[in-house]
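The values are calculated or read from the model by the stated rules, or taken from the named source; none is laboratory data. Just so it is clear, the model here is predicted, and its values are computed rather than measured. Note that we place each Cβ from the backbone using ideal geometry, even for glycine, and neighbour counts take in every protein chain shown. Each accessible area value is taken on the protein alone, full model and side chains, heavy atoms only, with ligands, DNA and RNA left out. Shrake-Rupley method; radii C 1.70, N 1.55, O 1.52, S 1.80 Å.
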Amino acid sequence: MAGQVRFPGKLIAAALLPVLAVTAALAQDRPAGYPLRPIRIIVSSVPGGGLDMISRTVAQMLTDRWGQTVVVDNRTGGGTIVATEISARAAPDGYTLFAGTDTLNIVGATRRVPFDVRKAFDPVVPMTQQPYILMTQPGLPVKNIRELAAYSLSQPLSYGSSGVGTAGHLGMEQLAVLAKAKFVHVPYKGGAASMLGVLGGEIHMYPGVLLSAASAIKTGKMRTLAAMGLKRIPVLPDLPTVAEQGFPGFKIVNSYSLYAPAGTPKPILLALSRAVGEFMASPKMSQKLISEGSHPPDGAMTPDEFRAYTLREYAEVERQVKNLDVKIY
């Protein structure tokens, strides 16, 4: 027949190989038929905080990778309890995820929600780890933790946090006990709000992350007093840790992680874990995290491995809460 072109069978097969390879890769990337509609990531902090910024970066990556919109839904209040309860009650279908911090363990250990957080969520993947930095008003006449503690005995010093029962709250209370200082807790709805409290003169200090405070530090609007993890922060090499200033073993390190309501199908958990884990561990993202004072994940974790890790962390938080004896109202 005129206009008809015949190709040898081998040539047709060879021509189709690249197409078949791409199709197979996409099939392995996520379960068939997922996602068919927008995915919502509930974030337990206000816009502008470290968790919010990381969550938005991950949401954009998933949108680009899977061709389906992923939106961030900020639900603040109650020291992350509002977001925790909404997420725990969501349908376990992969269309509602929860971006949480180590505060999830504190909320569970202090029984601030009417359910067991270990059973209410399926851990998906750790995103990054943010060591805290103790930041103060620039005019505060102290240069280190011991001077801060001594000054607080003549004038009680206020500090902000993301809410009652959060990692920042409990960490600062632990520091007050160790340093024999007098600190007054002022809870806010998020780290960004706490930072504004310092900048506006409402509070004296707050333990926050470099990701959201870098600009204020660079311009001298806030002073850094100590790194609150066990290691110095690479981009602030001259800032000593609290442990180095005479309080061995002290640390506040906050992990940003992704969870799903319990019962979410395993193939969806695996797909999310793989996509987010690969993204966070990529050279470009790792370099970006380090430049912002964060620590990339040490290595890839499956959802099952991440669950085992979170259970160990939960047990440690239970011990700390019991020993500290802080009133969680």
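Table for the structure above
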item: Exposure rank, largest accessible area first [LEU170, LEU230; 1.4 Å]; result: LEU230, LEU170
item: Relative contact order (%) - criterion: Cα under 8 Å, at least six apart; region: the chain; result: 24
item: Nitroxide proxy distance, nm - points 7 Å out along Cα→Cβ at LYS218 and LYS143; result: 2.6
item: The chain: Rg to Rh, with Rh as the Kirkwood radius over Cα pairs; result: 1.08
item: GLU202 paired with ALA262, simple spin-label distance in nm, labels 7 Å along Cα-to-beta-carbon; result: 3.6
item: Residues LEU324 and ASP73, FRET efficiency given R0 of 35 Å [Cβ-Cβ distance, rounded to 0.05]; result: 0.65
item: Globularity ratio of segment 23-168, using Cα Rg and 2.2 N^0.38 Å; result: 1.32
item: For the chain, calculated [θ]222 nm from helices alone, where every DSSP H run of n ≥ 4 adds -39500 (n - 2.57); result: -14000 deg cm²/dmol
item: Whichever aspartates and glutamates have a C-alpha closer than 12 Å to that of LYS231, once near sequence neighbours (fewer than 8 apart) are set aside; result: GLU244
item: Sequence of ASP102, ASP238, ASP64, ASP298 from largest to smallest accessible area, 1.4 Å probe; result: ASP298, ASP238, ASP64, ASP102
item: Projected area averaged over orientations for segment 97-216, convex hull of C-alpha atoms, nm²; result: 8.3
item: Cut-off under 5 Å, modelled amide H: who pairs with VAL124 long-range; result: LEU258, TYR259, ALA260
item: Per residue accessible area of segment 109-249, 1.4 Å probe, in Å²; result: 41
item: Long-range lysine pairs (8 or more apart or interchain), segment 109-224, Cα under 25 Å; result: 7
item: Segment 193-318 pair-distance distribution - Cα-Cα, 5 Å bins, rounded %; result: 2, 9, 15, 17, 17, 16, 12, 8, 4, 1
item: For the chain, built as a Gaussian network whose Cα springs stay under 10 Å, the top-fluctuating residue of GLY168, GLY77, GLY160; result: GLY77
item: Solvent-accessible area of ILE290 with every protein chain in place, 1.4 Å probe, in Å² to the nearest 10; result: 70
item: Solvent accessible area, Å² - LYS221, 1.4 Å probe, full protein context; result: 120
item: Residue-wise HN-Hα coupling along segment 157-172, computed from phi with Karplus coefficients 6.51, -1.76, 1.60 (Hz; x: Gly, Pro); result: 9, 9, 9, x, 8, 7, x, 5, x, 8, 4, x, 4, 5, x, 5
item: For ASN74, residues with placed amide H under 5 Å, excluding near neighbours; result: VAL43
item: Highest-fluctuation residue, TYR151, TYR132, TYR314 considered, GNM on the chain with Cα pairs under 10 Å; result: TYR151
item: Cβ charges +1 (Lys, Arg) and -1 (Asp, Glu), total dipole of segment 38-130, debye; result: 160
item: Paramagnetic label zone (point 7 Å from Cα along Cα-to-C-beta, GLU316; backbone N under 17 Å) in segment 267-296; result: 295-296
item: Rounded accessible area of THR80 (nearest 10 Å², 1.4 Å probe); result: 10
item: Spin-label model distance (nm) - SER291 vs ARG118, 7 Å beyond Cα toward Cβ; result: 4.1
item: q = 0.13, 0.14, 0.23 Å⁻¹: log10 I(q)/I(0) that the Debye formula gives for segment 110-171, counting C-alpha atoms only; result: -0.59, -0.65, -1.14
item: Segment ASP238-ILE86, length gained on full extension (0.36 nm per residue, minus Cα span); result: 50.6 nm
